[in-house]
Every structure is written in structure tokens, then in C-alpha cells.
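For reference, the structure discussed in these notes is given below.
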Amino acid sequence: MLLAALVLIPALGAVGAYGRPARHGLWLVSMAGVHLALVAGAWIALPAPILDGWIALDALGLVVLTVVSTLFLVVATYAVGYLRRERGGRGFASWLLAFLAAASLVAESHHLALLWVGMEGTTLALAPLIFHRRDRRSLEAVWKYLVISSVGIALALLGTFFLATAQGDLGPGNRPLVLEDLVAGAAQLHPAWLKAAFVFLLVGYGTKLGLAPMHTWKPDTYGEAPALVSALMAGGLTSCAFLGIARATEVVTAAGLVSFARPPLLAFGLLSLVVAAAFVIGQSDIKRLLAYSSVEHVGLLVLGLGIGGVGTYGSMLHLVNNAMVKGLLFLAAGNAALIASPRGLLRAAPASGALLLIGLFAVTGSPPFGMFLSELTILRAVLGGGHVWIAAAVLALLALIFIGIASMMLELLYGPNPAPAPAARESRWLLFGPAVLALGALVLGVAIPGPLQHLLSQAAGALGGSTP
Amino acid sequence: MEHLADLLLLLVLLTCFLILGTTRLTTCIRAVAVQGGLLGVLPLVLHQHWSLHTLGLAAGTLLVKAIVLPWFLTWAIREAAVRREVEPRVGYIASLVLGVAAVAAASAVATRLPVPGNHPILLLATSLSCVIMGLVVLATRAKALIQVVGYLMLENGIYIFGLMSMDRVPFLVEVGVLLDVFVGVFIMGIVVFHINREFDSLDSARLTELTD
């Protein structure tokens, strides 16, 4: 019941929002609140699988579900303030809620074809939101996003077909493409087909995740979409796409082919860091800068997964941190974009400027924020695995990215402004969300709550990792 | 029936090459419509025992891939007054050579992997060839509409692969229909963009305003 409600309530909410003439923001907040309450229910007791085990929740799914649901509630509060300033249009809230429904489906699918359906749903639901401004630039962004994502999604479907082929002749009790049966019968999977499936799933869902070199849609899309949509993509959509890759890794690990899966994961991770470092430096647009920073962080996610061991736990922790910090930064950057000439932001909009400053330290992995811990965990795993050169490269690239992000953001925050805007009155709705996320990023850096730590180590355990 | 299946698959490959080699957009659309028709007949040939499921799949595929989408593409050409040339970034001869390389690579892979469910090797080879040639069209053609045709080829390749496991895995081939939603969105997008007069042409190579 609970599992069905998690998908159906936002889906019905999307239809309901379309019928409502006004007050879309509050509708969004109430739907998101109900959704998060349901997720809290799943924390108390994991609900039983439904639909012959096609829909079920495990630790990994619950992590992603919680991340998406929390971020969505925060974004919904922001949307209240946003929709007071800008015309949202009839479908705005509907598409957001449709995204939540599809993302919930991804998080709780244990049938890999169903997971793919959810992933396609998230892709389509976000497209109209990217095209929100309906001008030439957003048109270009949405076209790039759709073409590249749709090819990625098609390759992921082919990978799913390969996986079904790897299962071979199905005996009784061996349900096709159901995760539990894939993992339990992993030894019988045909290795060549399984390897092919892993590669296609990695490239396909990696495109949605925005790993380099399939990241080219990311800066344009994040740059042109409304800030709250970018926040949802950088924190929520990436979590869903990462889940797709994690599921593939789960099966490959169970089949004892982890040594095959690691090199491509590491390669994509490192390449993403290199690309991020190359494009962050000298970047002049804050949202494009944040997009490249997102390429960096998804690179770290697969890097941790590829290292295995403690790195897997680091990846899970990084997933949570990434959603918080990216949400914080995009929402704060959205506030800055409301000011005509945002240079010297700390004077023109002190609260938004301060939030952006906090976000700057959080996203570059400075203590005491959560990303410091997760990046440290991943680095420790890299060193522990004896990959000294990878560790050195990662450290150097992180330092470069820090310089790039800091120089651009400090210029934005403190830079001299020839035409300073008078200090603006900042809407509380637009500050509440990023403030909550900043607090969350700080809490995760000081002390990870016990239940969360337990859940993260369970999720890492399912992926063959261990807890530090 | 085996020979008939082989014949159908060879015809599918021929339509792929036709798309790679032609200069005219309308020829591309006709070729992809014929391809859709061939794919509609394919499940009937591969599965001798015609169940309701097989018949439904064949009818649905024919309707969507051979009639609705090609008609939609033709409508888009008329509506958006697209010029009829394909405008490749890579020459036609080079495209055809790439196509041959695709078939060679796909056949090499297909002979090394076990074909599921005792289907002919040609089925696997054709499926992978279609996927690769679709990607070639997507990467080497400048016009948005012909890229949609490339996407359809890619999708058809995935569909052929799905046919091999349709007996073992329920709903798997049918899931592929969701890819057609993308095709629909693309075509709608092209037309809407054009009606809005945001673009002077539908050249996706002109979508280059966003750079670093």
C-alpha cells in the first residue's frame, strides 16, 4: 500500500495541480509533505514487496527515495516564492509532481525494466520545465537535453535486454529481471552477456547522470532551466541515475565480475573530474559553473563505487551530501539571478549571498561540511586500495576545482559593482529552502545521525562495500 | 519460415543502407516506414504459434512504426516547410562505408555471443547493425528531422533484439514502445519550434548559441 502510494499520490497530485487555477506552490508543498511523511513511514518499517516483487524497497532504494523526497519538499517551498514572482504556467507544478512520481518509481523498482520506465519518466517530466522560459536559449538547451538523454536511455534499454538475455533459460522461481533473483542466481548468469549489459547500462544511465564525456547537455540544461529545476536535477535526477548504475554494479558484483566493473567506473570517474577541472576554471556563469561542479561530484560518486570497500560507503554518503549542497547552491544562485546585476551580492542581498558563501565552502569539500567527510572517505579508500597515483590525481583535480569555483564565486559575492542594486528585500520562501539545506550539509559534516549511518552502511553492504 | 525471416532481416538491413545513402528526406522517411512494416511482420514469422500476444504485437508495431510515425514525420516536413536535403556532415560514400563496417562489427560480435532462444544469428547481427547505423545517422546528420529517423533506426534495432526474449520475458518488447514517445516529442518539438519562428531553419548545427 505504502509503496503504491509513494508513486500514485504525486501522480494524482500532478493531475490535480493541472486542474487547479491557482495556488500551485502550496499544492506542491502539501503533496511533497505527504510524500515525505510516507517515506518516514518506510523508515519505521520497510514495507513488504508488492506486484510479485517488482516493487520493493531496500536500503539503497530508501536512501535515494529519502534524498529525492526531502529535496523535493525543500524545492516545493522555494517554488511558493518563485511562483509569486514569475508566472509558472499551467503545467509547472504538474510536471514537477510527475517527476516526483517517476523518481519514486525508480527508487522502489526491483524489476530492472520497470526501473527503466521510471527513468524515462523522469527524463520526459523535466523537459517542459527546462523549456520554461520559451526563448531561443532554453529551446537549444531542451533540444540538447532530449537528444542526448534519449540516446542514453535507449542504450540503457538495450543493456536491460542484454541482462534479460544473460539470465538464459528461466527455471521456476527465477523471475526475469527481478533484482533479488538476478543476485541470487548471479552465478548462472552468462558472463559475456552480463558484461555487455553492464557496459550499456553504465553508458546509458551514465549519460543521465552526466558523466564525462556524456556530460555535454549538463551545463546548457542547468544553465537555462529555472534554478529550482536545476536544483532538482543536480540533486534528485542524478541520484536516480546513480541508482541505475548501482543496480547494475550490484548484479555484476554478485556474479563475481567486480574486477570487470571497476576499471570503467574508475575511468569515467576520473575523466569527469578532469573535465570539471578544465571547464570550471575561467567560467563566468554561475549556473554553468555549478553544472561542471555537478560533473565533478557525479564523477566522485562512480569513483567511490569503482574503488569498492569503504569507497562504496563514501559514495552513498556523498550521494546525500551532493543532493543537499547542489540544492542549496542552485537555489541561492536562483536568488542571485533575480537581481539585475548580482556582482557584490553580499551587499545587495546579504542573506542569499551568505547562503551562497556557505555553499561555496560546502561544495568544495571544506570542513566542517558533509562533503569533506564523504570525499575523505572515498580518498581513504583509494589510498587503502594502493592506488597512490589515482589519489594524487584526485587531490590535484579537487584543488584545481576549488580554485576555479572559489575565484568565480568570491568575485560574484565581493566584487565591485559599477551599478550596485539597492539592498533587496528577500522573500522568506526563497530563503527557507536553501537555509534548511545548508543546515543539513553542516549536520552531516559534524555528526551523521545513527539511523542514517546504519542505512548507508546497509546500502554499501548490498553493493559489496564495507563501513569505515 | 527460417528463410522468410532471413529475407525480412536482409531487407531491414537494406533499408538502413538506403537511409545512409540517400540525399532526400522523403526517401529516408519512406525507408523507415518500410522498415517498420518489416518489423511488424517479423514476430509472425519468428513465432509459428500465433498467440493473441504475437498478433497484438505485430498489429501494434505496424500501426506505430509503419503508419503513425512516418505519417507524423511527413506532416512535420509539410508543416515546418523543411528543405528536402539530408545535409550530412560526413559524405554519403563515407556513411555507407561506416554502415558496412557496422554490419561487419555486429556480425563479428554476434558470432561470439550465444544467441538466446535458438534464433538465427542473423537476427542478433541485424539488431546490432541497426543500432550502430542509427547512431551513425544521429552523429553525422545535421538536420533535426533526419536525426529523428536515425533515432528510429536505433530503436528498431533494440526492438529486434527484444523479439528474441519476448517468449521468456513478458512485457519486455512492449516497453520499447516508450521510446516512440521520445520520437513523438521530437517531432512535436520541431513543429512547435518552427511555428514559433524561433528558428530560421531546423538545422540542429545552428543550435550552438550555448558554449563555454
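The table for this structure:
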item: Partner chain coverage, peptide A:141-147 - average Cβ within 10 angstrom; result: 4
item: For A:Ile55, distant residues with modelled amide H under 5 Å away; result: A:Ile50, A:His110
item: Debye-sum result for chain A in log10 I(q)/I(0), which assumes one identical scatterer on each alpha carbon, at q = 0.06, 0.11, 0.12 Å⁻¹; result: -0.23, -0.81, -0.98
item: Compactness of segment A:27-146 - radius of gyration and Dmax, Cα, Å; result: 15.7, 49
item: Principal semi-axes in Å for segment B:2-206 [√(5λ), Cα gyration tensor, largest first]; result: 30, 20, 13
item: Protection-proxy order for peptides A:326-334, A:187-195, A:364-372, A:205-213, each taking the mean of Cβ atoms within 10 Å per residue, highest first; result: A:326-334, A:205-213, A:364-372, A:187-195
item: Helix B:92-112 vs. chain B, principal-axis angle (Cα, 0 to 90°, nearest 10); result: 30
item: Distant-in-sequence amide H partners of B:Arg141 (H built 1.01 Å from N, under 5 Å); result: B:Arg89
item: Within 10 Å of each Cβ in A:154-167, the average number of Cβ atoms from other chains; result: 6
item: Assigned charges on the beta-carbon of Lys, Arg, Asp, Glu; segment A:2-462 dipole about Cα centre (debye); result: 1280
item: Exceeding the 32 Å Cα-Cα cut-off - candidates A:Lys195/B:Lys143; A:Lys144/A:Lys195; A:Lys326/B:Lys143; result: A:Lys195/B:Lys143; A:Lys326/B:Lys143
item: Computed E for A:Ala37/A:Phe432 - FRET, C-beta separation, R0 22 angstrom, nearest 0.05; result: 0.75
item: Within 10 Å of each Cβ in B:157-164, the average number of Cβ atoms from other chains; result: 3
item: For chain A, with +1 on Lys and Arg beta carbons and -1 on Asp and Glu, the positive-most of A:Thr160, A:Gly450, A:Ser272 along the dipole; result: A:Ser272
item: Of the trypsin sites (Lys or Arg not before Pro) in segment B:1-86, those whose Cβ has at most 14 other Cβ within 10 Å and which sit in DSSP loop; result: B:Arg83, B:Arg84
item: Spin-label model distance (nm) - A:Ser407 vs A:Leu12, 7 Å beyond Cα toward Cβ; result: 5.5
item: Helix-only [θ]222 nm of chain A, DSSP H runs n ≥ 4, -39500 (n - 2.57) each, per residue, nearest 500; result: -25500 deg cm²/dmol
item: Per-peptide average of other Cβ atoms within 10 Å, ordering A:54-60, A:430-436 highest first; result: A:430-436, A:54-60
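Only the coordinates and a few stated rules stand behind these numbers; no lab work does. Values in this document were obtained by computation on a predicted structure and should not be read as measured data. Virtual Cβ from ideal backbone geometry, glycine too; neighbours counted across all protein chains shown.
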